[in-house]
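Working notes for the structure below.
Please treat every number below as a calculation from the coordinates, not as lab data. The model shown is predicted, which means the values in this text are computed figures rather than measured ones. Ideal geometry is used to build each Cβ from the backbone, glycine not excepted, and the neighbour counts take in all protein chains shown.
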Amino acid sequence: MVKISTFLVFSSLFALELFSWLPASLQPIIFNDLVMTNKTQEVEVHTQREDRESFVIDEVIDDTYIQLSEKDLIALERIVEAEATGEDIMGRIMVANVVFNRVNSANFPNTVYDVIHQRINGRAQFSPIDDNRYYTVTVSDKTREAVDRALAGETYAEDALFFMARSMASEAGITWFDRNLTKIKKHGAHEFFTY
């Protein structure tokens with residue numbers, strides 16, 4: 001069970017199936033063919049990933065509003081898989097947390113997709129974009145669970161805006177992280193940083 005506080009907006013046809021597992025007291029409101037809910041409840045998180053054609057998820061994570069399109073969700077799953085293959089659930093959630101932290105920072109783009117695909121001086125901010133792992137991964141059930149849990153508000157990365165795997169980073173990259181950022185924590189192969 002996790003505590004979720006979310007604003008969700010879906011097409012009403014999709015929502016009828018998606019929210020069918022919720023008790024009547026949590027059923028969403030249908031208004032002008034949009035389904036809206038603003039609930040904070042202890043619920044078991046279930047995800048219907050089949051037959052999702054188009055939808056928007058508006059999430060309130062740590063009192064911050066994030067709008068997530070299907071394109072954003074696919075990008076998030078792919079980057080978490082590419083960055084955290086071999087990590088446990090917590091390590092994968094932390095990668096998603098960093099993406100959300102960047103979306104909420106004035107220093108980065110304001111959508112999940114744009115954060116993941118951002119380039120500075122021609123270099124991708126996430127190495128799997130440049131080395132093509134992002135485009136070739138198969139998203140695992142473990143990663144989908146981690147993304148769902150991060151979307152439900154589970155966070156471990158605190159205010160981290162960056163992470164690196166020291167064993168895989170270049171010497172110049174390690175030096176830049178160590179000189180310019182403050183290390184917050186380490187989990188698995190990744191170290192997490194902020195300004």
For the stretch 70-194, the Cα-Cα pair-distance distribution in 10 Å bins from 0, as whole percents, is 14, 49, 34, 3
Links exceeding 27 Å between C-alpha atoms in this model, out of K71/K185; K71/K186; K142/K185, come to K71/K185; K71/K186
Quick note on M164, M90, ordering by fewest other C-beta atoms within 10 Å, gives M90, M164
Going fewest to most other Cβ atoms within 10 Å around each Cβ, D88, D148 line up as D88, D148
Assertion target for T138, T194, ordered by fewest C-beta neighbours within 10 angstrom first, is T138, T194
Cα-only Rg/Rh for the stretch 92-136 with Kirkwood Rh rounds to 0.97
